[in-house]
Amino acid sequence: MSTSVTTTCRDLSELTVAAQTACRLLFQECYKTGIVDIFITETYRSQARQNYLHEQGRTRLFDDEGNKLYKVTWTLLSNHTSRRAWDIAVAPPRDLYDKSTLSRVGAIAKKLGITWGGYWPAGQYDAPHFEIPTSWSMPKGYKLEGQVIVPSNSKLKVQLFVEDKPKEKDDDVMKFTNPTTENAVRDYIKQSVDKKLVDKS
């Protein structure tokens with residue numbers, strides 16, 4: 001990994017294990033609701049890079065071509081440097097920071113115990129930003145359901161690969177080729193259970 005302050009790291013493996021899991025869970029839950037056009041734009045930042053970004057629009061006002069620079073971060077103390085934060089964006093044709101999409105992702109993040117910068121007050125508002133506290137753990141009722149593909153560029157889509165469940169053995173399942181026969185057998189079994197001729201189990 002390059003240590004240049006101008007280089008952006010998009011590598012999920014540079015985050016803590018908990019943050020990697022949280023990010024994958026977020027992308028999985030987004031996938032399940034049909035949000036597949038989001039991607040990672042930054043994960044880990046060195047403190048030197050955070051300082052460099054903080055200078056933008058403050059002490060560093062123009063780029064090398066003379067274009068005016070605007071503020072991109074409000075703090076020197078970012079959880080990007082502690083490997084617990086990541087930024088995302090939205091793929092074309094939508095706007096890179098499409099408010100509607102980021103708000104939907106933010107609402108999902110909230111359910112997962114992930115902090116969204118879009119809930120922060122004015123002056124700190126940071127819609128592309130997501131992070132976890134040091135105490136984060138997988139919330140009850142959730143799990144990683146397979147291999148989650150977290151895109152790091154706008155050309156890829158979020159994907160979820162789930163292993164096929166083992167097939168039931170043919171001899172374990174009663175099969176019918178005729179729906180009338182199937183319904184007749186079901187009715188017979190139900191009546192037998194009702195009359196306590198056979199055990200319900």
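The values are calculated or read from the model by the stated rules, or taken from the named source; none is laboratory data. No experiment lies behind these values; they were computed from the predicted model shown. A quick note on method: Cβ atoms are made from the backbone with ideal geometry, for glycine too, and the neighbour counts reach across all protein chains shown. What goes into the accessible areas is simple: the full protein's heavy atoms, side chains included, and nothing from ligands, DNA or RNA. Shrake-Rupley method; radii C 1.70, N 1.55, O 1.52, S 1.80 Å.
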Inset, instruction - Please go through segment 112-132 and pick out each residue that is in a loop (DSSP other than H, G, I, E, B) and surrounded by 13 or more Cβ atoms within 10 Å (Cβ to Cβ). - result: Leu112, Gly113, Ile114, Trp120, Asp126, Ala127, Pro128, Ile132
Legend entry - Of all residues making up segment 129-144, the number that are of a type outside the set (Lys, Arg) and over 13 Å from Leu26 (Cβ atoms): 5
Inset, instruction - Look through Ala109, Ala89 and report the one residue that is part of a strand (DSSP E or B), under 18 Å from Phe27 (Cβ atoms), touching a residue at least 12 places away in the same chain (Cβ under 8 Å) and not aromatic (Phe, Trp, Tyr). - result: Ala89
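So which of Asp87, Asp95 is among the acidic types (Asp, Glu) and crowded, with 17+ Cβ neighbours inside 10 Å?
Asp87
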Legend entry - Candidates Gln28, Gln20, filtered to the one that is open to solvent by 30 Å² or more (accessible area, probe 1.4 Å), part of a helix (DSSP H, G or I), out of contact with any Phe, Trp or Tyr (no Cβ under 7 Å at 6 or more places or on another chain) and under 22 Å from Val162 (Cβ atoms): Gln20
Legend entry - Condition check for Leu144: more than 15 Å from Cys9 (Cβ to Cβ), modelled with pLDDT of 95 or more and under 12 Å from the mean Cα position of the chain (by Cα): yes
Inset, instruction - Quick one: which residue in Leu96, Leu26 is among the aliphatic types (A, V, I, L, M) and in contact with a Leu (Cβ under 7 Å, 6 or more places away or on another chain)? - result: Leu26
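Across segment 42-70, what is the total count of residues that are surrounded by fewer than 20 Cβ atoms within 10 Å (Cβ to Cβ) and within 30 Å of Lys143 (Cβ to Cβ)? Lay out the reasoning, then the answer.
Kept after step one, since they are surrounded by fewer than 20 Cβ atoms within 10 Å (Cβ to Cβ), are these residues of segment 42-70: 46-48, 50-52, 54-70.
Pick out the ones that are also within 30 Å of Lys143 (Cβ to Cβ) and you get none.
Here the count works out to 0.
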